[in-house]
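Q: For reference, the structure I am asking about is given below.
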Amino acid sequence: SHTGALANEDRVVDAFLERHGIWRARDLRELVGATELYLKGWKPQGRRLVAISNSGAVCVMAADAATRAGMPIAQLAESTRAELAATLPSFATTTNPIDITAALMTNSGLFGAILPAIARDPAADAFLIGIPVAGAAYDVEAFARDTLAFAEATGKPVVSAITQDEVAAPFKARGLPVFQTEAEAVEALAQFTAHHERIRNAAPTAPVAKSPGGALRMLNEADSLGRLAAAGVPVVPHRLCRSADEAAAALAALGGPVVVKGCSRDVAHKSELGLVRLGIWNEADARAAFTAMEKILRDGGFAFDGVLVAAMAKGRRELMIGAHVDAVFGPVVVIGDGGKYVEALPDSQLLLPPFTAADVERALGRLRVAPLFAGVRGEAPMDVAAFARAAAAIGTLVSAPGSRIASLDLNPVLVGGAGEGCVALDAVVFEHEG
């Protein structure tokens with residue numbers, strides 16, 4: 001199944017840790033890099049960053065590092081910028097990142113003068129103070145004192161990027177986290193704030209649903225779609241036909257064009273066998289397609305369960321939903337970009353039930369294709385809410401007490417524009433016999 005290929009063992013561990021608010025460090029550097037921030041007891045409520053420096057270059061590099069780390073640059077309020085403009089020289093930058101400029105050399109009080117205004121701005125969640133170079137003309141003791149007062153006033157994470165040991169010393173003496181470069185400082189802030197976001201979204205521990213065991217059997221597509229529809233998942237209008245006459249009647253009932261597909265409990269992926277024909281408009285083509293599908297299945301030694309005639313749906317994007325039961329962690333649901341390249345170009349996220357539609361929408365936001373959901377180049381937004389509800393229904397289905405489902409694939413799930421819903425066009429369900 002596509003789900004088996006995408007939900008490998010390591011990714012399931014990641015999903016389990018995320019569900020429980022646990023951050024998985026990729027290496028020893030990441031393990032210890034943000035430790036000091038955790039020890040401060042800060043509880044950040046977001047990831048928006050404000051960077052302040054006496055160097056325009058550091059401001060730019062801090063903004064670049066924030067972009068790479070997924071930390072938005074906070075948009076300061078007009079009132080905050082007005083206060084900054086009244087204090088800083090006219091050639092300073094009052095938008096975020098804030099460049100105090102070399103004017104700090106002649107007025108070491110500029111840090112202390114602007115920090116209270118920034119502390120009052122509600123847009124900021126975390127702060128970076130960057131001092132790349134400071135000599136005898138700078139009052140670094142005042143910088144450190146003012147930064148400590150700022151951190152205490154906001155109660156929000158404040159880190160410093162300071163290269164010179166003698167400049168860093170008074171900051172460290174006051175217990176302020178100091179990093180060598182702005183990139184290291186931003187990486188630590190990004191981990192710390194992202195981890196707290198994960199903690200806020202963590203779900204309570206749930207008992208792991210064990211597999212019932214026993215031999216597996218695959219449901220044919222008609223039975224798979226029926227099982228999903230009963231669970232509240234929108235599925236494409238369709239009819240299972242056992243004769244050419246029934247195929248012709250299904251075309252008349254559904255209206256053209258339709259898709260005609262061979263239906264067999266022995267075939268999971270039909271396209272490779274020539275068991276899918278699109279755009280059938282007339283009765284003669286429907287009958288011919290039925291005859292061809294039956295011949296392919298019977299000649300191949302596959303069970304012939306009939307031919308599925310389904311409406312051709314319209315939509316904006318093909319996504320996928322899958323699920324399987326992991327031996328250790330229980331049910332796992334996969335959501336992601338769909339279509340025939342789902343394994344060749346994987347773009348998916350894993351969720352462990354129980355989860356909500358809101359959890360699904362957050363996971364969708366982490367896909368590479370996520371920017372498309374809001375609409376680009378004049379397109380309307382997509383109905384991700386409908387897709388999220390369908391995925392949540394799958395989570396409920398596979399984790400229900402007594403469920404015998406071992407795995408399932410819904411690919412593609414066609415998502416329409418906002419308010420147009422979504423529909424599963426194809427499905428394969430494996431379940432334990434018994």
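Q: Which value, in debye to the nearest 20, describes the size of the charge dipole of region 133-207 about its Cα centre when Lys and Arg Cβ atoms bear +1, Asp and Glu Cβ atoms bear -1, and nothing else is charged?
A: Dipole size: approximately 400 debye.
Q: If you don't mind, another one. When only the heavy atoms of the protein chains count and the probe is 1.4 Å, how do 366, 174 rank by accessible area, highest first?
A: 366, 174
Q: Leaving ligands and nucleic acids out of the surface, order 160, 108 by accessible area at 1.4 Å, largest first.
A: 108, 160
Q: Give, in nm to one decimal, the length gained when the segment between residue 400 and residue 90 is fully stretched (0.36 nm per residue of separation minus the Cα-Cα distance).
A: Once the chain is fully extended between residue 400 and residue 90, it gains 105.2 nm.
Q: Nearest 10 degrees is fine. How inclined is helix 244-254 to the longest principal axis of the chain, computing both from alpha carbons?
A: Helix 244-254 sits at roughly 40 degrees to that axis.
Q: Still on this model: Give, in nm to one decimal, the length gained when the segment between residue 172 and residue 198 is fully stretched (0.36 nm per residue of separation minus the Cα-Cα distance).
A: Here the answer is 6.5 nm.
Q: Do you know the relative contact order of region 1-110, to the nearest whole percent, from alpha carbon pairs under 8 angstrom that are 6+ apart?
A: Once divided by the residue count of region 1-110, the mean separation gives 25 percent.
Q: Something else now. What's the whole-number percent of alpha carbon pairs in region 311-368 lying beyond 18 angstrom?
A: Value for region 311-368: 41 percent of Cα pairs lie more than 18 Å apart.
Q: For residue 270, give me every one of the aspartates and glutamates with a C-alpha distance below 15 angstrom, ignoring sequence neighbours fewer than eight places off in its own chain.
A: Answer for residue 270, where 15 Å is the Cα cut-off: 221, 294, 299, 305, 409, 426, listed by chain and number.
Q: Using a 1.4 angstrom probe and counting only protein chains, how large is the accessible area of residue 181 in Å², to 10?
A: The accessible area comes out at roughly 50 Å².
Q: Oh, and also: List the lysines whose Cα sits under 17 Å from the Cα of residue 172, skipping any in the same chain fewer than 8 residues away.
A: In chain and number order, the partners are 40.
Q: Right, something else. Show that you can apply the helix-only estimate: for the chain, add -39,500 (n - 2.57) for every DSSP H stretch of four or more residues, divide by all residues, and state [θ] at 222 nm to the nearest 500.
A: -12000 deg cm²/dmol
Q: Same structure again: Using R₀ = 45 Å, calculate the FRET efficiency as 1/(1 + (r/R₀)^6) where r is the Cβ-Cβ separation of residue 17 and residue 288; round to 0.05.
A: 0.25
Q: Let me ask something additional. Please label the shape of region 227-324 as rounded, prolate or oblate, based on the square roots a ≥ b ≥ c of the eigenvalues of the alpha-carbon gyration tensor (a/c under 1.5 means rounded; beyond that, a/b larger than b/c means prolate, else oblate).
A: oblate
Q: Using label points projected 7 Å from each Cα along Cα→Cβ, tell me how many nm separate residue 269 and residue 343, to one decimal.
A: Label at residue 269, label at residue 343, 0.4 nm between them.
Q: May I ask you to rank 42, 281, 23 by accessible area, largest first, using a 1.4 Å probe over the protein chains only?
A: 281, 23, 42
Q: Just the accessible area for residue 238, please: 1.4 Å probe, Å², rounded to the nearest 10?
A: Roughly 60 Å² of residue 238 is accessible to a 1.4 Å probe.
Q: Right, something else. Which is farthest toward the positive dipole end of the chain among 238, 57, 41, measuring Cα position about the Cα centre, with Cβ charges +1 (Lys, Arg) and -1 (Asp, Glu)?
A: Toward the positive end, the furthest listed residue is 238.
Q: Measuring with a 1.4 Å probe in the full set of protein chains, what accessible area per residue, in whole Å², belongs to the chain?
A: Roughly 45 Å² per residue, with all protein chains present.
Q: Over the heavy atoms of residue 420, what accessible area does a 1.4 Å probe trace out, to the nearest 10 Å²?
A: Roughly 140 Å² of residue 420 is accessible to a 1.4 Å probe.
Q: What length, rounded to one decimal in nm, is gained on full extension from residue 369 through to residue 28, with 0.36 nm per residue of separation minus their alpha-carbon distance?
A: 119.7 nm
Q: May I have the extent of the alpha carbons of the chain along their three principal axes, as whole Å values ordered from largest to smallest?
A: Result, largest extent first: 93, 46, 29 Å.
Q: Using only the Cα atoms of region 355-405, what semi-axes does the equivalent ellipsoid have when each is the square root of 5 times a gyration tensor eigenvalue? Give whole Å, largest first.
A: So the three semi-axes of region 355-405 are 28, 10, 8 Å.
Q: In region 81-226, carbon and sulfur make up what percent of the accessible area (probe 1.4 Å)?
A: Carbon with sulfur: 55 percent of the solvent-accessible area.
Q: Shape verdict for region 103-197, please, from the Cα gyration tensor: rounded (a/c under 1.5), prolate (a/b greater than b/c) or oblate.
A: Judged from the Cα gyration tensor, region 103-197 comes out oblate (a/c at least 1.5, b/c at or above a/b).
Q: Rounded to the nearest percent, how much of the accessible area of region 297-337 (1.4 Å probe, protein heavy atoms only) is carbon and sulfur?
A: Heavy-atom surface of region 297-337 belonging to carbon and sulfur, 1.4 Å probe: 49 percent.
Q: Would you mind checking the tilt of helix 9-19 against the longest principal axis of the Cα atoms of the chain, expressed as 0 to 90 degrees and rounded to 10?
A: Roughly 60 degrees, rounded to the nearest 10.
Q: Quick check: the angle from helix 283-299's long axis to the longest principal axis of the chain, C-alpha only, nearest 10 degrees?
A: With rounding to tens, the tilt is 90 degrees.
Q: Where the eigenvalues come from the Cα gyration tensor of region 217-262, what are the semi-axes √(5λ) of the equivalent ellipsoid, largest first, in whole Å?
A: 21, 13, 8
Q: Follow-up. Give me the aspartates and glutamates in straight-line cross-link reach of residue 156: C-alpha distance below 19 Å, same-chain residues under 8 apart excluded.
A: 36, 121, 125, 146, 182, 184, 187, 197
The values are calculated or read from the model by the stated rules, or taken from the named source; none is laboratory data. These numbers come from a predicted model, not from an experiment. Because the Cβ atoms are built from the backbone with ideal geometry, glycine has one as well, and the counts that use them run over all protein chains shown. Surface areas here come from the heavy atoms of the whole protein model, side chains and all, with no ligands, DNA or RNA. Shrake-Rupley method; radii C 1.70, N 1.55, O 1.52, S 1.80 Å.
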